[in-house]
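Undergrad: One structure follows; several queries about it will come next.
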Amino acid sequence: NAPADAEPGRYRGTIALRAGEKVLRELPYSVQVWNFTLPDRPEMSAIFDDRHGTGRQFKEYTPMEAAEFLARKRISFDEIPAKPRFRLENGKVKADFTEFDKAARVWFEEWNIPLAYLPLFREHFGWGHPPKPFLGVQPYEGKWPYRDVDRGRFTAEYRRVCQAALKLMMEHLRRKGWQDRFILYISDEPHTSVPGIKEQMIALCDMLHEAEPEVKIYASTWGYVPAWLGKLDVWGIGVQGQISEENLKKLRDSGAQLLITTDGHMCLDTPYNAIERMLPLFAWKYGTRGYEFWGADWLTRNPFKWGIHAVHTQSDVPGKPQRIRYPNGDGYIFYPGKPIGLRGPVSTVRLESLRDGIEDGSYYLLLEKLANEKNDAPAKALLERAKQFAPIPNAGGRNSEKLLPDPDVLTKLRNEIGEAISRLCEVEY
């Protein structure tokens with residue numbers, strides 16, 4: 001960590017490994033401090049879901065403590081842990097933002113978190129399921145799972161309470177100046193093959209946009225769904241080949257924003273931690289706001305004793321549960337200190353790779369800006385070389401030895417980019 005006012009130059013020192021008073025080994029190191037600084041607020045978002053409730057017995061930290069720990073790594077939790085409290089009072093929707101405001105001020109003004117999920121209608125439906133009730137009001141007539149209903153038509157009362165709550169939320173955010181720091185995560189991996197899901201998504205987007213045209217609605221679709229063009233504002237795309245570059249262009253040309261969705265691609269068995277390091281490179285090349293991942297601290301066993309998860313049951317569609325075990329390490333990027341007698345979260349190789357990648361992203365963006373301003377051909381060529389490491393399609397995170405055969409390449413590339421930025425910061429044109 002080099003503070004912003006550190007003098008540029010190369011700093012050298014020695015690490016001594018000791019047993020008591022005896023020096024076992026001395027290792028020299030050197031650190032290059034450049035003549036430029038990275039922004040306090042990362043330009044790219046790296047959003048990881050807070051899963052504090054799963055494996056709670058291993059944890060001795062609060063969600064806010066974990067959020068602060070991740071913020072120091074330039075990574076953010078998905079939602080501000082203190083939620084607004086919505087209620088129906090004499091048929092009218094009301095909200096209490098007191099605790100939410102206290103936490104949000106810390107997130108945005110102290111920790112410089114770039115983006116978070118709106119604490120309202122979060123994953124209002126997932127996979128092949130119908131929408132959730134809201135404030136006790138059901139979305140359709142009849143009983144869950146609402147078989148044979150028109151998924152594109154909600155009850156009038158459901159529309160009324162949902163729209164009223166969204167208006168309250170967005171009006172409050174505008175007063176605070178935070179409205180551009182949120183996206184509304186409406187659905188996790190919507191299963192378009194399930195009858196009614198396409199219509200359900202369109203109806204939800206239309207209902208919410210009618211109340212608040214400026215709200216940015218997000219879904220982790222992985223691919224391109226033509227029926228949702230103009231309905232979703234932010235698309236969660238897969239960069240392993242789930243969407244073509246042609247369809248990416250269609251989304252960008254439509255004015256849609258993009259996030260990379262990455263479930264299942266960051267585990268203990270991702271060689272060289274390549275995908276963790278490379279995600280911001282994909283984000284920069286393909287013009288996304290960053291990436292998101294489904295879990296920061298989802299623990300089904302003590303991770304210091306077990307490298308595997310416990311089997312659990314989930315249901316993609318109503319009434320059809322299935323047993324499944326997620327990949328080793330999937331769903332958590334740091335360890336809880338409690339099982340080894342430490343207070344708070346403990347970092348991992350994967351987490352440090354994620355931070356390196358986010359800082360790489362700042363390097364790409366800064367060099368791109370300077371190269372364009374000064375029309376510098378060598379810098380532009382270096383950026384084009386960087387893009388070659390992020391093809392679509394590719395082998396994917398769990399096959400990342402194919403994606404990045406030499407794990408040192410990105411570190412060497414970053415050093416070259418640092419030298420180019422340093423040169424351009426000194427050049428007068």
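The values are calculated or read from the model by the stated rules, or taken from the named source; none is laboratory data. From a predicted model like this one, the values you see are computed outputs, not experimental measurements. Positions of Cβ are generated from backbone atoms using ideal geometry, with glycine treated the same way; all protein chains shown enter the neighbour counts. The area values use the complete protein model at the heavy-atom level, side chains included, leaving out ligands, DNA and RNA. Shrake-Rupley method; radii C 1.70, N 1.55, O 1.52, S 1.80 Å.
Yes/no per residue for (1) closer than 16 Å to P81 by Cα; (2) out of contact with any Leu (no Cβ under 8 Å at 6 or more places or on another chain); (3) modelled with pLDDT under 95; (4) not basic (K, R):
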residue: W107; (1), (2), (3), (4): yes, yes, no, yes
residue: P119; (1), (2), (3), (4): yes, yes, no, yes
residue: K143; (1), (2), (3), (4): no, yes, yes, no
residue: G152; (1), (2), (3), (4): no, yes, no, yes
residue: R159; (1), (2), (3), (4): no, yes, no, no
residue: A164; (1), (2), (3), (4): no, yes, no, yes
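Undergrad: Here is a follow-up. Out of region 297-316, which residues are open to solvent by less than 50 Å² (accessible area, probe 1.4 Å) and either touching a Pro at 6+ places or on another chain (Cβ under 9 Å) or over 28 Å from V346 (Cβ atoms) (or both)? Show your work before the answer.
TA: First pass over region 297-316, keeping only residues open to solvent by less than 50 Å² (accessible area, probe 1.4 Å): 297-300, 302-303, 307, 309-310, 312, 314-316.
Scanning region 297-316 gives D297, L299, N302, P303, H309, Q314, S315, D316.
Undergrad: So, in region 172-197, of the ones that are open to solvent by 80 Å² or more (accessible area, probe 1.4 Å) and not polar (S, T, N, Q), which residue ends up farthest from P119 (Cα to Cα)? Break it down stepwise before answering.
TA: First pass over region 172-197, keeping only residues open to solvent by 80 Å² or more (accessible area, probe 1.4 Å): 174-176, 180, 193, 195.
Those left that are additionally not polar (S, T, N, Q): 174-176, 180, 195.
Values: R174: 15, R175: 16, K176: 15, D180: 14, P195: 28 Å.
Per the criteria, the residue is P195.
Undergrad: Since Q314 meets every condition but one in (1) closer than 23 Å to L268 by Cα; (2) part of a loop (DSSP other than H, G, I, E, B), which condition does it not meet?
TA: (2)
Residue by residue, here is whether (1) closer than 30 Å to V33 by Cα; (2) out of contact with any helix residue (DSSP H, G or I) (no Cβ under 8 Å at 6 or more places or on another chain) holds:
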position	(1), (2)
S315	no, yes
N328	no, yes
P339	no, no
R343	no, yes
R350	yes, no
A377	yes, yes
E384	yes, yes
I392	no, no
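Undergrad: So, one more: Which condition from (1) part of a loop (DSSP other than H, G, I, E, B); (2) surrounded by 15 or more Cβ atoms within 10 Å (Cβ to Cβ); (3) touching a Gly at 6+ places or on another chain (Cβ under 8 Å); (4) not aliphatic (A, V, I, L, M) is the one that F69 breaks?
TA: Answer for F69: the failing condition is (1).
Undergrad: Further, regarding this structure: Which one of these is more than 26 Å from D49 (Cα to Cα) and not β-branched (V, I, T): R160, R174, R181? Spell out the reasoning first.
TA: On the way: R174 fails: more than 26 Å from D49 (Cα to Cα); R181 fails: more than 26 Å from D49 (Cα to Cα).
None of the others qualify; the one that does is R160.
Undergrad: So, in region 279-296, of the ones that are touching a helix residue (DSSP H, G or I) at 6+ places or on another chain (Cβ under 7 Å) and not in a helix (DSSP H, G or I), which residue ends up farthest from E368 (Cα to Cα)? Quick ask: steps written out before the conclusion?
TA: Taking region 279-296 as the starting set, the residues that turn out to be touching a helix residue (DSSP H, G or I) at 6+ places or on another chain (Cβ under 7 Å) are 279-281, 283-287, 290-291, 296.
Next, only the ones that are not in a helix (DSSP H, G or I) stay: 287, 290-291, 296.
Values: G287: 13, G290: 17, Y291: 20, A296: 31 Å.
It comes out as A296.
Undergrad: Does A310 fit the bill of being in contact with a Ser or Thr (Cβ under 6 Å, 6 or more places away or on another chain) and on the phi < 0 side of the Ramachandran plot?
TA: On the way: in contact with a Ser or Thr (Cβ under 6 Å, 6 or more places away or on another chain): yes; on the phi < 0 side of the Ramachandran plot: yes.
Taking the combined requirement at face value, the residue satisfies it.
Undergrad: Looking at (1) open to solvent by less than 50 Å² (accessible area, probe 1.4 Å); (2) under 25 Å from D96 (Cβ atoms); (3) within 26 Å of the chain's Cα centre (by Cα); (4) of a type outside the set (G, A, S), which one does P139 not meet, given that it meets all the others?
TA: Answer for P139: the failing condition is (3).
Undergrad: Let me ask you something else. Can you name the residue in region 346-380 that is acidic (D, E) and either farther than 20 Å from I275 by Cβ or in contact with a Cys (Cβ under 7 Å, 6 or more places away or on another chain) (or both) and, of all such residues, is most open to solvent (accessible area, probe 1.4 Å)?
TA: Filtering region 346-380 for residues that are acidic (D, E) and either farther than 20 Å from I275 by Cβ or in contact with a Cys (Cβ under 7 Å, 6 or more places away or on another chain) (or both), the one most open to solvent (accessible area, probe 1.4 Å) comes out as E373.
Undergrad: Return the only residue of D78, D5, D50, D40 being of a type outside the set (S, T, Y), closer than 26 Å to E109 by Cα, open to solvent by 80 Å² or more (accessible area, probe 1.4 Å) and within 20 Å of the chain's Cα centre (by Cα).
TA: Numbers: D78 fails: open to solvent by 80 Å² or more (accessible area, probe 1.4 Å); D5 fails: within 20 Å of the chain's Cα centre (by Cα); D50 fails: open to solvent by 80 Å² or more (accessible area, probe 1.4 Å).
Going through D78, D5, D50, D40 in turn, just one is of a type outside the set (S, T, Y), closer than 26 Å to E109 by Cα, open to solvent by 80 Å² or more (accessible area, probe 1.4 Å) and within 20 Å of the chain's Cα centre (by Cα): D40.
Undergrad: Sticking with this structure for a sec: Within region 317-339, can you find the residues that are open to solvent by 10 Å² or more (accessible area, probe 1.4 Å), assigned to a loop (DSSP other than H, G, I, E, B) and not small (G, A, S)?
TA: V317, P318, K320, R325, Y326, P327, N328
Undergrad: Just to verify a result, which residue in region 95-114, among those that are touching a strand residue (DSSP E or B) at 6+ places or on another chain (Cβ under 9 Å) and open to solvent by 70 Å² or more (accessible area, probe 1.4 Å), is farthest from R174 (Cα to Cα)? Steps first, answer last, please.
TA: Looking only at region 95-114, we keep the residues that are touching a strand residue (DSSP E or B) at 6+ places or on another chain (Cβ under 9 Å), and these are 95-100, 104, 107-108, 111, 113-114.
After this cut, where a residue has to be open to solvent by 70 Å² or more (accessible area, probe 1.4 Å) as well, the list is 98-99.
Numbers: T98: 16, E99: 17 Å.
Here the answer is E99.
Undergrad: Looking only at residues that are surrounded by fewer than 19 Cβ atoms within 10 Å (Cβ to Cβ) and among the hydroxyl-bearing types (S, T, Y) in region 231-266, which one is nearest to Y286 (Cα to Cα)?
TA: My answer is S244.
Undergrad: Looking at P119, P139, P145, can you tell me which residue is part of a loop (DSSP other than H, G, I, E, B), out of contact with any strand residue (DSSP E or B) (no Cβ under 7 Å at 6 or more places or on another chain) and under 20 Å from E171 (Cα atoms)?
TA: Values: P139 fails: under 20 Å from E171 (Cα atoms); P145 fails: under 20 Å from E171 (Cα atoms).
Criteria check complete, one pass: P119.
Undergrad: State all residues of region 147-171 that are under 18 Å from E79 (Cβ atoms) and either open to solvent by 20 Å² or more (accessible area, probe 1.4 Å) or free of Cβ contacts under 8 Å to residues at least 12 places away in the same chain (or both); if no residue qualifies, say none.
TA: Step one: filter region 147-171 for residues under 18 Å from E79 (Cβ atoms), giving 165-166, 168-170.
L168, the sole residue that qualifies.
Undergrad: Can you tell me which residues in region 16-66 are of a type in the set (K, R) and part of a helix (DSSP H, G or I)? So that I can check it myself, show each step before the final result.
TA: From region 16-66, those of a type in the set (K, R) are 18, 22, 25, 41, 51, 56, 59; that's our starting set.
Within region 16-66, R56 is the sole residue that qualifies.
Here's the yes/no breakdown for (1) small (G, A, S); (2) touching an Asp or Glu at 6+ places or on another chain (Cβ under 8 Å):
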{"site": "A19", "(1), (2)": "yes, no"}
{"site": "V33", "(1), (2)": "no, yes"}
{"site": "T37", "(1), (2)": "no, no"}
{"site": "D49", "(1), (2)": "no, yes"}
{"site": "A66", "(1), (2)": "yes, yes"}
